[in-house]
Amino acid sequence: MKITQVKVRLFEMPMPKTFHPTWQPLPTTSARIHIVEVHTDEGIVGVGSGGVPVRWEVAGLFLMGQDPFDMDRHVAQLRSMAFFIGRPWPVEVALWDIIGQATGQPVYRLLGGGADKLKAYASTGELRGLEARVESAQQIVAEGFKALKLRFHSADVREDIRTLEAVRKAVGDDIDIMVDANWGWRIAPDLQPNRWDLKTAIAAAKEMERYGVYWLEEPLDAYDYDGLAELRSHLTTLRLAGAELNRGPEEIRTYLDKGCLDVYQPDCTFIGGISTARKIAAQVEAAGKVFSPHTWTNGVGMVANMHVAAASSGVPYIEFPYDPPNWTPETRDFIFAEPLRIDSEGYVHLPQKPGLGLELDEEKLKRYEQADTKRLI
Ligand SMILES: [Mg+2]
């Protein structure tokens, strides 16, 4: 089998409600999915997405005429491309989709995974007032989720603590609550002046221990290795989580060497593809730490990370981006024939078709395809 084309397509759907995520200063009014398609001479087309859409089609320069199964070689080439142009990892995801289709197996099974479902946590994305967040948490739990993640991003962290206290009271002690401070990386950092210093992070984390928070995510800059290690040394029950957008295994090794984190969240569409994420999951497990990948890009990126998680050991939860009414499965998966949902026990099931197992809706692809694929905003 030979690769014949690498093509990028853009799909965009106006959202019924505006979404105000904590990690960017501007609200989101439309859902956008850049897809990279890798075509082969046998008619199999692999699909990837997630990460950041930067000239993925450049990978065609060295993939053309190559065998998609020659994975280590392609990862090395893509790593070189990542160094000069930007992260091309959805292309690697598309190669795995081809391999899965060619062999008739879901990707997670090719990677050695046996679990066909993962326990999901509802990952909210907005800051809301106390009452609105309590109501949302109650709804999330009523739908079957066993865990949910709150965002801490108010100018005064005591406001977020009050919300945490109220949510804990409302959902009870059997539900795991995670907290994401979203200070690991910034979009437009000049517009986000409330970054926590180490003392604030320690004080906030100690409060979280009082409410039995499961993990605290990204309280400090992702490259503040010493700060993270010191913060972690102050904690007894609270786990520290991070590494969602890190670049490559070297940064993960530094976290492990310095004792920065308990929960490692590399996203395969940012860190080096499914191959690299799988290796990192093993590295994390061998160090006695926990792997639980970030998934929040779009539905395709989420599914790619689900395959890695299902093939990894000891993954407690998978991130399920969910903050209705402003961020819903219908928005996240708007080009899918059916959006992914949890079952009544709070599990999300791996697609069982070969490859990533995506079923894209041809009618929606036609309706939402954009002519200018270079547009980012
Ligand atoms: Mg996060």
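The values are calculated or read from the model by the stated rules, or taken from the named source; none is laboratory data. Values in this document were obtained by computation on a predicted structure and should not be read as measured data. Neighbour counts run over all protein chains shown; Cβ positions are idealised from the backbone, glycine included. When the accessible area is computed, the model is the full protein with side chains, heavy atoms only, and any ligands, DNA or RNA have been set aside. Shrake-Rupley method; radii C 1.70, N 1.55, O 1.52, S 1.80 Å.
Results, tabulated for the structure shown:
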item: For segment 156-178 and segment 40-75, distance of Cα centres in Å; result: 44
item: Span from the segment 301-349 Cα centroid across to the segment 122-143 one, whole angstrom; result: 17
item: Convex hull volume of the chain per residue (C-alpha atoms, cubic angstrom); result: 130
item: Accessible-area composition of the chain, carbon plus sulfur, in percent [1.4 Å probe]; result: 50
item: For the chain, size of Cβ-based charge dipole, Lys and Arg +1, Asp and Glu -1, in debye; result: 300
item: Separation between Cα centres of segment 192-260 and segment 1-36, rounded to whole Å; result: 29
item: Rh (Kirkwood; distinct C-alpha pairs) - segment 215-307, Å; result: 13.1
item: Helix-only [θ]222 nm of the chain, DSSP H runs n ≥ 4, -39500 (n - 2.57) each, per residue, nearest 500; result: -10500 deg cm²/dmol
item: Ellipsoid semi-axes in whole angstrom, largest first, where each is sqrt(5λ) of the Cα gyration tensor of segment 266-377; result: 27, 17, 13
item: Rounded accessible area per residue of the chain, 1.4 Å, Å²; result: 41
